[in-house]
Amino acid sequence: MPPPPVDSGWLCWLQVVASFAMWVNSWGIVASFGVFQTYYEITNLSNKSSSQISWIGSIQGFLLCFVGPLSGGLFDAGWCKALVIAGHFLVVFGLMMTSICEEYWQAVLAQGIVVGLGIGMLYIPSTGIVPQYFVKKRGPATCLAATGSAVAGGIIYPIIFRELQPKIGFGWAVRVQAFVALFLGVVASAVIKNKSPPVKPKQLIDPEFRRHTPMVLFTAGAFFLLLGLFVPGNYIGVYGLSSAGLSEDMAFYVVAIMQAGSVVGRLLPALWVDKVGAVNVLVPAMLASGILTLCWIAIKNEPGLIVFAILFGAGFGLVFAMMPLSVVMLLKGDMKKFGTYLGMVMFFSSPGLLIGNPVSGAIEDDSDYTGLQAFSGCIMFLAASLFLAARVSAVGWKIVKI
C-alpha cells in the first residue's frame, strides 16, 4: 500500500508546482490555439477556411486525449518522470518546428501532431500526481495546479505571441513560447516524484470499465463536453472581427481575456469543492456554460463580448478543474486505477475534441455564426445531462457529496 498523503510539507507543494507547469504545457497550449486561429486566418493561411485551420488545434487536442490509455497505464506502472521528460521534449521540438512552418501541412504535422503527442504524455501526470499527496486539501491543491492552463492559455502564450509577433516575427515569437515550455519542463521534471507504488496494468483498456455505469455515462458526457466547449475559445476572435466590430488587436486579446477568466473558474471552487463534491459542481457549471453560449448569439458589440469572454472563461475553467476530480469521486478515491481510468475517459471522449471545431467551422456560413453558437450551446446541455445521469447512477438523487 502507498504511504498516506500528508497534505502539507515542501514535497507536497512541489508536486503542485510540477502539476501547474504541466497544465501550462498541456491544456494551456490547447486553450491558446485561438490566437493562432485568428493569426492564420488573416495571414499566411488566409487561403484556407476556418474549418481547415481549426483542424490543427483539433488534432492537437485530440492527441492529448487519445494517448490517454498509454500514458495512464505507464503512469500507474511507475513511469511518471519518463512521461514528463518525453512529453516536454516533444512539446518543445514541435513548437520549434512550428516556428519554421510556411505551409498548411507543415503546421498540421508540427503544431498538430508532434505537439499533440507531447501534451498527451503530460496530461495524466499533471492530474494524477497531486491527489497522491493530498486528501483534506485535495480540492484546493488540484484547483491551484489547474490554473496553469488558464495562465498559459490566457496570459503567457497568447500575450507572448501577440506582443512579439509584430516586433520579431512569427518564427521567433513561437520560439520564445518554446523556451518558456522548456523552462517549465525542466522544473516539472526536476521536482516531480511519483508516490504510489507501481501497478502493472493488465491491459490498456480495462474490461471492468464498461461495467462501471457511472463512468461510462461520465465518458459520454466528456465526449460532448469536448465537442462543444472549445468552440467559443477558438472562434471568439474571428467572430469579434467580423460581427462585433473589434479591432485586430482586440480580437487577439479577447481570446486572452476568456482564458484569463478561467483562472477565476479554477480557483473559485477551491475552498468548498471538498465539501460538496466535484460532480455536484460539474453539472451546474456545464449547464451555465451552455446558457452563456446561447446568449453569445445576441452579442454584437465589444463590451458585451468582453463580458461574455470573462463569464464563459470562468465556466470553462471550472468545468476543466472538476473533470479529473470527478473521476476520483466516481472511483471512490481509489488512486490505483486513476491513471488508467482517466486515460480511458479521455481516449473514448477524444473524437469530440477532434471534430468539434471543424464541424463548427463547417456550420459557419459566410460569417454568420448563429448556427455555430447554437450547436455549441446545445451540445453543452447534452453533456450536462449525461454528467447528471452519471451522478444519479452513482448515488441516486440523494443530496450527498460526490
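The values are calculated or read from the model by the stated rules, or taken from the named source; none is laboratory data. Just so it is clear, the structure is predicted and the values come from calculations on it, not from any experiment. Note that we place each Cβ from the backbone using ideal geometry, even for glycine, and neighbour counts take in every protein chain shown.
Specify which of the listed residues (Ala188, Ala150, Ala220, Ala141) is more than 30 Å from Ala390 (Cα to Cα), buried (at least 19 other Cβ atoms within 10 Å of the Cβ) and either among the polar types (S, T, N, Q) or in contact (Cβ under 8 Å) with a residue 40 or more places away in the chain (or both). Talk me through it step by step, then tell me what you get.
Details: Ala150 fails: more than 30 Å from Ala390 (Cα to Cα); Ala220 fails: more than 30 Å from Ala390 (Cα to Cα); Ala141 fails: more than 30 Å from Ala390 (Cα to Cα).
None of the others qualify; the one that does is Ala188.
Can you tell me which residue among Val254, Val273 is closer than 19 Å to Ala31 by Cα and either without any contact (Cβ under 8 Å) to a residue 60 or more places away in the chain or surrounded by 24 or more Cβ atoms within 10 Å (Cβ to Cβ) (or both)? Outline the logic, then answer.
Numbers: Val273 fails: closer than 19 Å to Ala31 by Cα.
Criteria check complete, one pass: Val254.
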Close pairs (8 angstrom Cβ cut-off, 6 or more residues apart or separate chains): closer than 23 Å to Gln52 by Cα in segment 83-112, among the aromatic types (Phe, Trp, Tyr) and in a helix (DSSP H, G or I) anywhere: Ser99/Phe170; Ser99/Trp172; Ala107/Tyr40; Val108/Trp55; Gln111/Phe36; Gly112/Trp55
Selected residue (only one of Arg162, Arg175 is touching a residue at least 40 places away in the same chain (Cβ under 8 Å), in contact with a Ser or Thr (Cβ under 6 Å, 6 or more places away or on another chain), part of a helix (DSSP H, G or I) and basic (Lys, Arg)): Arg175
Residues within segment 348-357 that are surrounded by fewer than 20 Cβ atoms within 10 Å (Cβ to Cβ) and either without any contact (Cβ under 8 Å) to a residue 60 or more places away in the chain or in contact with a Phe, Trp or Tyr (Cβ under 8 Å, 6 or more places away or on another chain) (or both), tallied: 1
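Need at least 3 residues that are polar (S, T, N, Q) per element, so show me which helices (runs of 4 or more DSSP H) inside segment 254-358 make the cut, counting only ones lying wholly within it. Steps first, answer last, please.
Details: elements: 273-276, 278-295, 302-330.
By residue number, 278-295.
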Test for Ser196: is it farther than 24 Å from Val319 by Cα and surrounded by 17 or more Cβ atoms within 10 Å (Cβ to Cβ): yes
Filter result (among the polar types (S, T, N, Q) and surrounded by fewer than 18 Cβ atoms within 10 Å (Cβ to Cβ)) within segment 282-316: Asn301
Exclusive hit being hydrophobic (A, V, I, L, M, F, W, C), surrounded by fewer than 21 Cβ atoms within 10 Å (Cβ to Cβ) and either modelled with pLDDT of 85 or more or on the phi > 0 side of the Ramachandran plot (or both), set Leu70, Leu45, Leu63: Leu45
Residue within segment 106-124 that is crowded, with 24+ Cβ neighbours inside 10 Å, at negative phi, modelled with pLDDT under 90 and hydrophobic (A, V, I, L, M, F, W, C) present: yes
